[in-house]
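Take a look at the structure set out below.
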Amino acid sequence: METSLKQTLYIPHGLKTRVEIFDGFGKEELLKTILVTLVAGGIDALLFLIFRNVVTSMVFILIAISGSVMMLTKDKTNISVVDQVGFMVRFARSQKVYKYKYLEEWK
């Protein structure tokens, strides 16, 4: 008794395994952005104490926050700019350099 019943498995595309605030930006990226903001805020306070310029301080902190959000947001392949730079650094460190000395082969 042979049946040729084909059952198909439906796997939905684009399922998220974590809660995201907006596409590609979840709790983990939010915590990293908060950390960057705190560090940039400390640097910004020092810059303000040195230069006494409110506009420069505001521009610096806004660029730090928006830059960290842009660099930490993951794309469709689940890779952010920071992840990609980390991959490039790890690849560069893994490459070995061998120096060769040319000798006459038939001497």
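The values are calculated or read from the model by the stated rules, or taken from the named source; none is laboratory data. Values in this document were obtained by computation on a predicted structure and should not be read as measured data. Note that each Cβ is placed from the backbone with ideal geometry, even for glycine, and that neighbours are counted across all protein chains shown.
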(request) Can you give me the number of residues within segment 25-50 that are surrounded by fewer than 16 Cβ atoms within 10 Å (Cβ to Cβ), in contact with a strand residue (DSSP E or B) (Cβ under 9 Å, 6 or more places away or on another chain) and not hydrophobic (A, V, I, L, M, F, W, C)? (result) 1
(request) Pick out the one residue from PHE91, PHE48, PHE60, PHE87 that is part of a helix (DSSP H, G or I), within 11 Å of the chain's Cα centre (by Cα) and of a type outside the set (S, T, N, Q). (result) PHE87
(request) Would you please name the residue that is farthest from the chain's Cα centre (by Cα), looking only at residues in segment 1-34 that are among the hydrophobic types (A, V, I, L, M, F, W, C) and modelled with pLDDT under 75? (result) MET1
(request) Tell me which of these SER66 doesn't satisfy, since it passes every other one: (1) loosely packed, with under 10 Cβ neighbours inside 10 Å; (2) among the polar types (S, T, N, Q); (3) part of a helix (DSSP H, G or I). (result) (1)
